[in-house]
1. Out of all the residues in the stretch 49-70, which are more than 21 Å from D92 (Cα to Cα) and free of Cβ contacts under 8 Å to residues at least 12 places away in the same chain?
2. Does at least one position in the stretch 96-116 carry a residue that is in contact with a Ser or Thr (Cβ under 8 Å, 6 or more places away or on another chain), hydroxyl-bearing (S, T, Y), more than 21 Å from I51 (Cβ to Cβ) and surrounded by fewer than 12 Cβ atoms within 10 Å (Cβ to Cβ)?
3. Only one residue in Q163, Q129, Q151 is over 14 Å from the mean Cα position of the chain (by Cα) and either in the same structural domain as L83 (by TED's automatic domain parsing) or under 21 Å from L83 (Cβ atoms) (or both), so which one is that?
Amino acid sequence: MTLGLGTACCTAQDGLRKKVFHCAKCGLCRVGGRENYFHCDACGSCYPSEIKDSHICVENAMRRNCPVCLQDLFQSTTQVTILQCGHTIHQDCLRELQNSFAGLQSLRCPICSVSLYGYDELWHEMDRQIEETPMPLECRQLTSIICNDCQRSSSVEYHILGQKCPTCRSYNTRRV
């Protein structure tokens with residue numbers, strides 16, 4: 001989603017070719033055609049129409065700074081990605097984040113730690129690795145976890161490779 005700066009940009013750009021339109025609620029001009037966007041009052045911004053019925057509202061999600069570069073997202077002219085948790089981040093910053101962290105940290109929202117995408121295949125692979133790597137008897141113990149995806153607390157058997165949430169089957173968990 002590319003954003004322009006102020007109402008003057010609607011007439012300054014090639015409005016027909018780029019399908020520039022002005023959103024009165026945002027107070028900004030957008031590129032891509034009004035028919036391709038809807039304004040979410042809760043989130044405080046225009047979003048692509050294809051996510052209208054599925055996006056998670058986060059109050060003023062676009063009126064925040066990018067959690068990586070700390071630049072304003074609302075008036076940004078670079079592509080912004082809406083994560084499945086509803087938080088927003090520059091697309092380039094998300095790519096940088098995913099390339100710079102090791103392990104599960106690169107798979108989480110930098111704000112709320114919910115998984116960025118569905119990772120069923122990865123979780124199945126972790127199941128296999130844990131099954132092939134039993135913990136020594138003296139290290140087997142229960143540990144308390146909270147799942148970052150479903151927010152449920154539980155006690156599970158500790159494993160050095162990770163702890164699986166018994167509710168949603170995710171390994172995106174943290175020990176407490």
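The values are calculated or read from the model by the stated rules, or taken from the named source; none is laboratory data. Quick caveat, the model's predicted, so the values are computed rather than measured. Because the Cβ atoms are built from the backbone with ideal geometry, glycine has one as well, and the counts that use them run over all protein chains shown.
1. E50, D53, S54 - these are the residues of the stretch 49-70 that are more than 21 Å from D92 (Cα to Cα) and free of Cβ contacts under 8 Å to residues at least 12 places away in the same chain.
2. yes
3. When all the criteria are applied, what remains is Q151.
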